[in-house]
C-alpha cells in the first residue's frame, strides 16, 4: 500500500464545508471568489484537475531569446544586432524595408546567419527574401492587419511556395484586447490565412508550417500562462479540421509595454520578469522582453537588462529544463480549460459572421 493510499481522500465539498465554518457567517462567494475581466469566477482553492481535461500540446522549453531592432540606418542596426548577439541573444528581428543587396550586406555584416535565427518584418518580404538565404527565421508581414489587398495574398502565396524552412506568415495579436479576444481573433486570423492561401492552391499543412503567431504577455501571471496553453490546444483543434496532423502552433511572445502604475522604471524590471516567466511556463517558442526604459540615454542598458532577465531564467533558474511545467497544476489547468472554452465560443461567433476580415471591418 502506498503512502497516500493510507489517507482518506478529501473532496471539494469537504474543503468547502471547512472553509464555510471558518468564515463564521460571512458569505463564501462574496468574500473569497473574485470575477476576472474574462468573466471567470476564480476560486480560493482547487483540489483536482478539471473533468474531461484536454491535454495541452507538448511544447519544448528551449525558447529563443529574440531581440527586436528597428532599422533607422543599416549601420546602426548592424551595430545593435551585434551588441545583442554578444549579449546572449540567439535570434534577431529586423523591422524595416530593405531594398538592395548593399543594404542587406551592411545590415548582416559579421552576423553568422548560418547559426543565428534571423527574422525580417516589412511590407515587402518577397523582395527581402531575394537578398539572403536563411536556414531558419522568417520573411513576413501581417497583411491582414495592414490595408489588405488581394495582390498581397498573391505575393504571400508565391513567397510561401518558394521558400523552404523559413516562416512567411505572421499572425499577430492585438495588445490592447482582453485575453479571450486576443486568442479568438488570432485564431480567426490564422484561419483566414489558411483559407486565402489554400484557395491559391497551397496545401494546408505547408501553410500551417509557415505560420508564426505573436502573442503579447501582460502581468496577469497565471492567466497569461493559461492563455498560451489554451491557444495551442485550440489551434491544434483547428488544424485537425484541415486534416493537418504534423504541425503545431509556433508562438513568439512579446512583453507588453503599458505602464501599470506611475511608479519608477525599476518596478517594470520586476514586471518584465514575471511576464517572461508566464511566457516560458506557458510554452512560447521565442521571447522578446521589451526594455523597461526606452529613452535614448538608457536604451543600451535597458536592452541588456531585458536580455539578462531571460539568461537568469534559463541559466540560473533552469526554466528550459522541463517541458510543459504547468501540466497538472489544478489552478492553471482549470484556467486553461475556461479560457479555451470562452475563446472558442467567441472564435465560432467570429467565424459565423464571415471570419476575421468581415468581423474586423
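The values are calculated or read from the model by the stated rules, or taken from the named source; none is laboratory data. The shown structure was predicted, so the numbers you read here are calculated from the model rather than taken from an experiment. A quick note on method: Cβ atoms are made from the backbone with ideal geometry, for glycine too, and the neighbour counts reach across all protein chains shown.
Numerical summary
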| quantity | calculated |
| --- | --- |
| Any pair with Cβ under 6 angstrom, 6 or more apart, that starts in segment 336-351 at a residue that is in contact (Cβ under 8 Å) with a residue 60 or more places away in the chain and ends at one that is surrounded by fewer than 19 Cβ atoms within 10 Å (Cβ to Cβ) and outside any helix (DSSP H, G or I) | 337/50 |
| In segment 143-166, the residues that are in contact (Cβ under 8 Å) with a residue 60 or more places away in the chain and buried (at least 20 other Cβ atoms within 10 Å of the Cβ) | 144 |
| Test set (1) out of contact with any helix residue (DSSP H, G or I) (no Cβ under 7 Å at 6 or more places or on another chain); (2) in a loop (DSSP other than H, G, I, E, B) - residue 50 fails condition number | (1) |
| Single unsatisfied condition, residue 346 versus (1) surrounded by fewer than 22 Cβ atoms within 10 Å (Cβ to Cβ); (2) touching a helix residue (DSSP H, G or I) at 6+ places or on another chain (Cβ under 6 Å); (3) part of a loop (DSSP other than H, G, I, E, B) | (3) |
| Restricting segment 123-140 to residues that are modelled with pLDDT of 95 or more and touching a strand residue (DSSP E or B) at 6+ places or on another chain (Cβ under 7 Å), the residue that is nearest to residue 91 (Cα to Cα) | 137 |
| Any hit, segment 79-92, residues being buried (at least 18 other Cβ atoms within 10 Å of the Cβ) and either in a strand (DSSP E or B) or modelled with pLDDT under 95 (or both) | yes |
| Selected residue [surrounded by 15 or more Cβ atoms within 10 Å (Cβ to Cβ), closer than 28 Å to residue 249 by Cα, under 20 Å from the mean Cα position of the chain (by Cα) and modelled with pLDDT under 95] from 67, 38 | 38 |
| Sole residue being in contact (Cβ under 8 Å) with a residue 24 or more places away in the chain, in contact with a helix residue (DSSP H, G or I) (Cβ under 8 Å, 6 or more places away or on another chain) and exposed (fewer than 13 other Cβ atoms within 10 Å of the Cβ), chosen from 100, 129, 140 | 100 |
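Residues are listed down the side, and each one gets a yes or a no for (1) in contact (Cβ under 8 Å) with a residue 60 or more places away in the chain; (2) more than 30 Å from residue 318 (Cα to Cα):
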{"position": "30", "(1), (2)": "no, yes"}
{"position": "48", "(1), (2)": "yes, no"}
{"position": "61", "(1), (2)": "yes, no"}
{"position": "85", "(1), (2)": "no, no"}
{"position": "94", "(1), (2)": "no, no"}
